[in-house]
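A.B. asks: What follows is a single structure, and I will ask about it in a moment.
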Amino acid sequence: MIDGDSRNGGTPPSDSSAAGPGRRPIGPLSMDEEVVGRHIVLRPRGNINRATSAAFEDRLLPLVNGGRAVIVDLGGVATVSSAGLRVMAQLAGLARDRSNLIFAAPNEMVSDILNVTGFDTLLDIAPNLTVALTRAAKSSSE
């Protein structure tokens, strides 16, 4: 019997065993929201992946549709999977027509993912929250 293979009588893997040796388990994504001036800052914490991208989209979509500048502070995001990148790109496309969406302060891992995939050219990415707030203020005054 192979562990995790329910066809052979084993039990399905839990989140932590599914992560495999040396890998972190898929964890929840927490998100805090704050109004800074006329802008909204969303602070996700955790991983934006297949398991969490729908919750990320559900939280961010109404903010983007609200017409205010939205800044996503990526400082607390450990990694972004292809599912997370898809959501980020879709929402950035929507924001072009309705508001301003800026992704700020990605850590080295997330920054590398954005660079390697070319998403750094598709998304408005600021190196830190201060730069993002300045960009948001400038775009909302135009």
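Taken together, the values in this text are just the output of simple stated rules run on the coordinates, not laboratory data. Bear in mind the structure is a predicted one, so any value in this text is a computation, not a measurement. Backbone-built Cβ (ideal geometry, glycine too); neighbour counts: all protein chains shown.
A.B. asks: Quick one: divide the alpha-carbon radius of gyration of region 29-141 by 2.2 N^0.38 Å and tell me what you get.
C.D. replies: On the way: Rg = 12.5 Å, N = 113, 2.2 N^0.38 = 13.3 Å.
Ratio of Cα Rg to 2.2 N^0.38 Å: 0.94.
A.B. asks: Can you give the % of DSSP beta bridges in region 29-141 that are antiparallel, to the nearest 5? If you can, show how the numbers build up before the last one.
C.D. replies: Numbers: 7 of 18 bridges.
Counting only bridges with both partners in region 29-141, antiparallel ones make up about 40 percent.
A.B. asks: Follow-up. Which of Ala51, Leu133, Val116 sits farthest toward the positive end of the charge dipole of region 29-141, with +1 on the Cβ of Lys and Arg and -1 on the Cβ of Asp and Glu?
C.D. replies: Of the options given, the answer is Leu133.
A.B. asks: Quote to one decimal, in nm, the extra length available between Ser82 and Lys138 on full extension: 0.36 nm per residue of separation minus the C-alpha distance between them. Can you show the working numbers first?
C.D. replies: Numbers: separation 56, 0.36 × 56 = 20.16 nm, distance 3.08 nm.
Here the segment from Ser82 to Lys138 would lengthen by 17.1 nm.
A.B. asks: Now for a separate question. Treating only the Cβ of Lys, Arg, Asp and Glu as charged (+1, +1, -1, -1), what charge dipole size does region 29-141 show about its Cα centre? Round to the nearest 20 debye. Walk me through the intermediate numbers first.
C.D. replies: Details: 11 positive and 11 negative charges, 56 e Å.
I would put it at about 260 debye.
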